[in-house]
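A short worksheet on the structure shown next.
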Amino acid sequence: MTHPMMDSTSRTPAKTLAGLAATALAAAAVVAAVTGPASAASGLGQLAAAQGRYFGTALANNHLGESAYATVADREFNSVTPENEMKWDATEPSRGSFTYTGGDAIVSHAQGHGQSVRGHTLVWHSQLPSWVSNGGFNAATLTSVMQNHISNVAGHYKGKLYAWDVVNEAFNDDGTRRQSVFQTTIGDSYIATAFQAARAADPTAKLYYNDYNIEGINSKSTAVYNMVKAFKQQGVPIDGVGLQTHLILGQVPSDLQANLQRFADLGVDVALTEVDVRMQTPADSGKLATQSANYAALTKACLNVTRCVGITVWGVTDKYSWVPDVFAGYGAPLLFDNSFNAKPAYTGVSGALGGGTSSPSPSASPTASPSPSASPTSSPNPGRSCSATYQKVNEWNNGFQAEVTVTNTGSSSIGGWTVTWAFPNGQKITQLWNGTLSQSGANVTVRNVSYNGTVAPNGSTTFGFTADWSGGNGTPSSVTCAAS
Ligand code: XIL
């Protein structure tokens, strides 16, 4: 790959933008509080949901007050990742002093718009305050500093996040470990220690290792692959690998899908977590067409791998992309241009997701209640059986998150399951993962997705969702499961 190195030095100019963002947090919090009623995303999020996936964006608090920005973000995406607000410099700027203003505003905005949240990121060499990087701690102290950071931050968001990027960018391109302060002080074991701390702090968040230049099969992705394989053998709690996917125009690795599949075959989820496809500016129609084809190709690669759970683009609009600040001469890497108009890349993605190839009108608002896509019914197999248990894991003002565990209660393996219930108080699901949803009034039907239909006897699998409630939030009196 010919990607320019992305080191902390080259990010320095952009970091000042992150600093400015903090000053706008108070304003963003007010905006989040007065935003309208929750509605599931339409647009790309809805198309992805019909395929059992999510389509997300990085979200920046300091832009949420701009109506064009918020309109596109809320209409198109059903998952968000805080672009800077949950990083170490934002959450623990000085030792033991935690601030969650920016992250809380993003989570609240997401909850109000039916979007799940990927937490980003707990342990990273960049955007790390100097009290950590230059603290001169010994291994034992730095380990406890790291564990304390994770237990506080992941503990604060416990039950509210779909996933966490627990450790970010720990490898060099040649597959050796990056010489971060964590690596040089604690050694190789810091990554496993971080995952253990994250699991203890938030048992329901999916725990990811996240990195760039690991999209194709190469020395770096193979080093990550070997680490994940070892973690699975050793019982270190890892659930997923995030491929950042910061690409250069025309350079989607031809083995992206094969690489996703080899990770999935280790028993982890995979996701494209920070997608952008940068080009030398100015853009022209030829480059934009290539970019559209590149976005379509990476979307299809994900859809072709059953454990590729979703795609996140690293920003709503070219206008605020990090790319021009870090890669001189490059820009225009996202799906919406500087004026929030959908680019050819948008139709590349929507076409790949099975939608039309028309662009949304620039001012269109989110669809209030998209009709869930109907799934074909399959007749339950009488020789196979399952049960389902419903558990609320978190509840907040007018919203909640629940987890449903499906258990194979028969003596032979099942190949699929369908869980149904009726909500007693008009609750409405806004976002569901690890299942395919259809809700009609109070009645909810959830079917397995391709990667979790097969369950061994006595084995179980879970799906989760967020939903809106008002007035009451009773637990359904019966939750039934049919196996096939
Ligand atoms: C970037 C943000 O987009 C910028 O606003 C910030 O100044 C620097 O960080 N890999 C990551 C992301 O994991 O957190 C980075 O985000 C982009 C590269």
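The values are calculated or read from the model by the stated rules, or taken from the named source; none is laboratory data. Model, not experiment: these values are computed from the prediction. Note that each Cβ is placed from the backbone with ideal geometry, even for glycine, and that neighbours are counted across all protein chains shown.
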Review point. Name the residues in segment 217-237 that are in a loop (DSSP other than H, G, I, E, B) and within 26 Å of TRP433 (Cα to Cα), would you?
Key: GLY235, VAL236, PRO237
Point to revise | Near pairs, Cβ below 7 angstrom, 6+ apart or cross-chain, from segment 280-306 (assigned by TED's automatic domain parsing to the domain that holds PRO324) to any residue that is of a type in the set (D, E, K, R) | key: LEU288/LYS343
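Residue check: is ASP265 away from the ligand (no atom under 16 Å from the Cβ), out of contact with any Leu (no Cβ under 9 Å at 6 or more places or on another chain), acidic (Asp, Glu) and under 29 Å from PHE463 (Cβ atoms)? Can you show your working first?
Working: away from the ligand (no atom under 16 Å from the Cβ): yes; out of contact with any Leu (no Cβ under 9 Å at 6 or more places or on another chain): yes; acidic (Asp, Glu): yes; under 29 Å from PHE463 (Cβ atoms): yes.
Answer is yes for this residue.
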Study note, to complete from the structure: So, first residue at positive phi in segment 153-175, second residue part of a helix (DSSP H, G or I), Cβ within less than 9 Å, six or more apart or across chains; the pairs are GLY175/SER219; GLY175/LYS220; GLY175/SER221; GLY175/THR222; GLY175/ALA223; GLY175/VAL224; GLY175/ASN226
Check your understanding: Within segment 186-215, how many residues are more than 20 Å from the chain's Cα centre (by Cα), in a loop (DSSP other than H, G, I, E, B) and not acidic (Asp, Glu)?
Key -> 2
Point to revise | strands (runs of 3 or more DSSP E) fully within segment 374-484 counting 2 or more residues that are of a type in the set (Phe, Trp, Tyr), within 25 Å of PHE77 (Cβ to Cβ) and under 21 Å from the mean Cα position of the chain (by Cα) | key: 460-468
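In segment 238-257, which residues are small (Gly, Ala, Ser) and part of a strand (DSSP E or B)?
Matches in segment 238-257: GLY240, GLY242.
Condition first: away from the ligand (no atom under 16 Å from the Cβ) and modelled with pLDDT of 95 or more. Can you find one or more residues in segment 319-327 that meet it? Outline the logic, then answer.
First, pick out the residues of segment 319-327 that are away from the ligand (no atom under 16 Å from the Cβ): none.
No, because not a single residue in segment 319-327 is away from the ligand (no atom under 16 Å from the Cβ) and modelled with pLDDT of 95 or more.
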Review point. List pairs: first in segment 217-243 and in contact (Cβ under 8 Å) with a residue 12 or more places away in the chain, second among the basic types (Lys, Arg), Cβ under 6 Å, 6+ apart or cross-chain?
Key: PRO237/ARG199; ASP239/LYS206; GLY240/LYS206
Exercise for review: Output the qualifying pairs, or none if there are none: Cβ atoms under 7 angstrom, residues six or more apart or on different chains, first residue in segment 247-276 and more than 16 Å from SER450 (Cβ to Cβ), second residue modelled with pLDDT under 95 and surrounded by 24 or more Cβ atoms within 10 Å (Cβ to Cβ).
Suggested key: none
Exercise for review: Kindly list, by first and then second residue, each pair from a residue in segment 76-93 that is touching a residue at least 12 places away in the same chain (Cβ under 8 Å) to a residue that is within 10 Å of the ligand (Cβ to nearest atom) and part of a helix (DSSP H, G or I), limited to pairs with Cβ atoms under 7 Å and residues at least 6 apart or on different chains.
Suggested key: ASN84/ALA18; ASN84/ALA21
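Which fully enclosed strands (runs of 3 or more DSSP E) of segment 70-173 have 1 or more residues being modelled with pLDDT of 95 or more and of a type in the set (Asp, Glu)? Give the steps one after another, and end with the answer.
Values: elements: 79-82, 116-123, 163-168.
Where strands (runs of 3 or more DSSP E) fall fully within segment 70-173 and carry at least 1 residues being modelled with pLDDT of 95 or more and of a type in the set (Asp, Glu), they are 163-168.
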Exercise for review: Would you check which residues across segment 294-318 are within 15 Å of the ligand (Cβ to nearest atom) and part of a loop (DSSP other than H, G, I, E, B) and list them?
Suggested key: TRP314, GLY315, VAL316, THR317
Review point. Any residue at all in segment 147-161 that is more than 30 Å from ASN398 (Cβ to Cβ) and of a type in the set (Phe, Trp, Tyr)?
Key: no
Practice item. For GLY45, state whether it is away from the ligand (no atom under 11 Å from the Cβ) and assigned to a loop (DSSP other than H, G, I, E, B). Key: no
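State all residues of segment 436-477 that are aromatic (Phe, Trp, Tyr) and surrounded by fewer than 17 Cβ atoms within 10 Å (Cβ to Cβ); if no residue qualifies, say none. Talk me through it step by step, then tell me what you get.
Taking segment 436-477 as the starting set, the residues that turn out to be aromatic (Phe, Trp, Tyr) are 451, 463, 465, 469.
The one that is aromatic (Phe, Trp, Tyr) and surrounded by fewer than 17 Cβ atoms within 10 Å (Cβ to Cβ): TYR451.
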Point to revise | Meets criteria (surrounded by 21 or more Cβ atoms within 10 Å (Cβ to Cβ) and over 23 Å from ALA197 (Cα atoms)) for GLY65 | key: no
Practice item. From the list SER484, SER412, SER460, SER387, pick out the single residue that is of a type outside the set (Val, Ile, Thr) and out of contact with any strand residue (DSSP E or B) (no Cβ under 9 Å at 6 or more places or on another chain). Key: SER412
